[in-house]
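S.K.: Structure incoming, see below.
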Amino acid sequence: MARRIDALIVGAGFAGLYALHKMREIGVVAHAFEMADDVGGVWYWNRYPGARCDVESVQYSYSFSDDLQQEWDWTERFAQQPEILAYLNHVADRFDLRRSISFGTGIVSAAFDDETQLWHVRDDKGEEYIARYCVMASGSLSASRLPDLPGIEDFDGPVFHTGAWPEDAPEFADQNVAVIGTGSSGIQAIPQIAKSAEHLYVFQRTPNFVIPARNQPLAAETLAKYKAEYPVLRARAKQVGTLYDFSETPAFEVSAEEREAEYQHRWDQGGVNFVHAFNDIMTDLEANQTAADFVHARIRGAVDDPVVAEQLCPKDYPLGAKRICVGTDYYETYNRSNVTLVDLQESPITQVSAGAIETRDVTIPIDMIVCATGYDALTGALARIDIRGRGGVSLTDKWAAGPRNYLGLMCVDFPNMFFITGPGSPSVLVNMVVGIEQHVDWIADCIIHLEASGATSMVPTAAAESKWVQRVNDEASKTLFPKASSWYLGANIPGKPHVFMPFVGGIGRYRAICDQVAADGYSGFEISQGD
Ligand code: N01
């Protein structure tokens, strides 16, 4: 017999855990389903060497409980994966969440019953559940993607994806290792693997801009200061996401020397703060070029071989239009005698054989392949579930030409199904934890409203949805973001429609819009009352 749940939550990462806690807090019977054997979401799976967050640990953490933020001691400026995973385990224990999570259980389908206005959900063990609400906390960057390389099935060594890294870490010593991909994951893994591999070959299709992390242990006084100032810092983070030093000055309003000094200052500080040196870097191509030129000069200064340095300089897209990367000793790693950069733009991969990767010009003996090839971002995890709304309409069909929803939160024909940090919301463009808390709090208020008014379902109107989709597009087109073939646009997935998915207007504006919608009695939504 199908088990009845008020709110069914898919995923037990940052989003699923907080959603579960919040649902309990508002008195809703909730249960979460998690494919992995434990909590953590992407931080469970991304155990690759060097994995760490590029948002400062004191900010990449929950704000919903002051006791939690006071009792947890971060040890580094940018936390490593094991520390973030330990934190999420602590949260799960501290708030007694595990008893409401089914681990090792994937949700495979969810179908809305038009008559009962309830969701019928099935897991991969064939169990069925009936839920009033579905909260999709399945992750924005969780559907990992292996590259379609000819002959890869014939390779006789191990093939790993950074986003599905085995718990028993592979040994790189005496191995010729290939890393394919130079996004955030590859950039973190490459310097670590280089330290022990016999030889590391980095297969680069597109170079990325890599800003030094300047990671360091978090001094006790710094941590204490953060904790003391949390009320102010968290309130500000609700408006801006991560607390960067956002400049209000356009790049050409200062002299070339001042610009250079500002870039140098931020480069020395480390981290994504670099991108906010001037307020028009993401809107004005010429301003952007000044930042790109600065990074190119740093690359040329760091890499001994001038040919390799040029291959590492991104020149085909604006800085920041692909997710900026933050690394440690990334460029310097190419000065090691056991590291070779293979530029796939000059010589693409033609074949993988049992013990080698062949490019157009060379055959490279390889023992192990590490794919740092990214994700089917924002929609991939949802597409793996057969989701059918009113009248049996499938979410995959509805989104065939690109994701459509209202506020990034809900879709026409999919009543009572909430998406967390999905397309159409600030999502991956802001501190994910801040985005998650905003979404979950809004959803909780919405459910309180629905329950109090005896409503059975809520769904956006077609007009509100269309207007929001247009707005997301319009906001993106004012920026340089669409000028790169990035996963923001779905460009990394063959056949995926090229639509800029996140809302670029910022978390503060987004929050105000969502709050206004709620204050207006959930304007843009149709709410159905029970019989
Ligand atoms: O994935 P990516 P990622 N042959 O898609 C290449 C977050 N994150 O896992 O650009 C050869 O960015 C592809 O090349 P190209 C963060 O938001 C955060 O690194 O398509 N190459 C690219 O170089 C990040 O942005 C953290 O030409 C192929 C790479 O693989 C997001 O996750 C850490 C290929 C994929 O880069 C995703 O990052 C890690 C092929 N067939 C991740 N297919 C931190 O917090 C793909 N590529 C620091």
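S.K.: Could you figure out which of (1) polar (S, T, N, Q); (2) free of Cβ contacts under 8 Å to residues at least 24 places away in the same chain; (3) within 16 Å of the ligand (Cβ to nearest atom) isn't true of Thr222?
M.R.: It is condition (3) that Thr222 fails.
S.K.: Write out, first by first residue and then by second, each pair whose Cβ atoms fall under 6 Å of each other, whose residues are 6+ apart or on separate chains, and whose first residue, in the range 353-370, is assigned to a loop (DSSP other than H, G, I, E, B) while the second is hydrophobic (A, V, I, L, M, F, W, C).
M.R.: Every condition considered, the pairs that remain are Ile366/Ala178; Ile366/Ala356; Ile366/Ile357.
S.K.: Of these, Glu115, Glu153, which one is acidic (Asp, Glu), farther than 16 Å from Asp6 by Cβ and within 16 Å of the ligand (Cβ to nearest atom)?
M.R.: Glu153
Per-residue answers, yes or no, for (1) outside any loop (DSSP other than H, G, I, E, B); (2) among the small types (Gly, Ala, Ser); (3) in contact with a strand residue (DSSP E or B) (Cβ under 9 Å, 6 or more places away or on another chain); (4) within 16 Å of the ligand (Cβ to nearest atom):
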{"site": "Arg471", "(1), (2), (3), (4)": "yes, no, no, no"}
{"site": "Glu475", "(1), (2), (3), (4)": "yes, no, no, no"}
{"site": "Ser485", "(1), (2), (3), (4)": "no, yes, no, yes"}
{"site": "Lys496", "(1), (2), (3), (4)": "no, no, no, yes"}
{"site": "Gly505", "(1), (2), (3), (4)": "no, yes, no, no"}
{"site": "Tyr510", "(1), (2), (3), (4)": "yes, no, no, no"}
{"site": "Cys514", "(1), (2), (3), (4)": "yes, no, no, no"}
{"site": "Ala518", "(1), (2), (3), (4)": "yes, yes, no, no"}
{"site": "Glu526", "(1), (2), (3), (4)": "yes, no, yes, no"}
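S.K.: I've got another one for you. Grab the helices (runs of 4 or more DSSP H) fully contained in the range 220-333, keeping just those with 1 or more residues being in contact with a Leu (Cβ under 9 Å, 6 or more places away or on another chain).
M.R.: Output list reads 220-240, 285-302, 306-312.
S.K.: Something else about it: So, in the range 276-291, exactly how many residues are surrounded by 20 or more Cβ atoms within 10 Å (Cβ to Cβ) and either without any contact (Cβ under 8 Å) to a residue 12 or more places away in the chain or among the hydrophobic types (A, V, I, L, M, F, W, C) (or both)?
M.R.: Here the count works out to 6.
S.K.: Condition test on Ser109, is it among the hydroxyl-bearing types (Ser, Thr, Tyr) and near the ligand (Cβ under 10 Å from one of its atoms)?
M.R.: no
S.K.: Suppose we keep only residues that are farther than 18 Å from Asp54 by Cα and crowded, with 17+ Cβ neighbours inside 10 Å within the range 248-266. Which one would you say is farthest from the ligand (Cβ to nearest atom)?
M.R.: Among those that are farther than 18 Å from Asp54 by Cα and crowded, with 17+ Cβ neighbours inside 10 Å, it is Arg259.
S.K.: Given the structure, is Arg145 in contact (Cβ under 8 Å) with a residue 24 or more places away in the chain, of a type in the set (D, E, K, R), surrounded by 20 or more Cβ atoms within 10 Å (Cβ to Cβ) and under 25 Å from Gly422 (Cα atoms)? Break it down into steps so the answer makes sense when it comes.
M.R.: On the way: in contact (Cβ under 8 Å) with a residue 24 or more places away in the chain: yes; of a type in the set (D, E, K, R): yes; surrounded by 20 or more Cβ atoms within 10 Å (Cβ to Cβ): no; under 25 Å from Gly422 (Cα atoms): yes.
When the stated conditions are applied, Arg145 does not pass them.
S.K.: Go over the candidates Gln188, Gln204, Gln175 one by one and state the one that is within 13 Å of the ligand (Cβ to nearest atom) and touching an Asp or Glu at 6+ places or on another chain (Cβ under 7 Å).
M.R.: Result of the check over Gln188, Gln204, Gln175: Gln204.
S.K.: While we're on this one: Quick one: in the range 29-67, which of the residues that are outside any loop (DSSP other than H, G, I, E, B) and more than 16 Å from the ligand (Cβ to nearest atom) is farthest from Pro82 (Cα to Cα)?
M.R.: Ala30
Just so you know, all these numbers are worked out from the coordinates, no wet-lab data involved. Keep in mind the model is a prediction, meaning the values are calculated, not measured. FYI the Cβ positions are ideal-geometry reconstructions off the backbone, even for glycines, and counts take in every protein chain you see.
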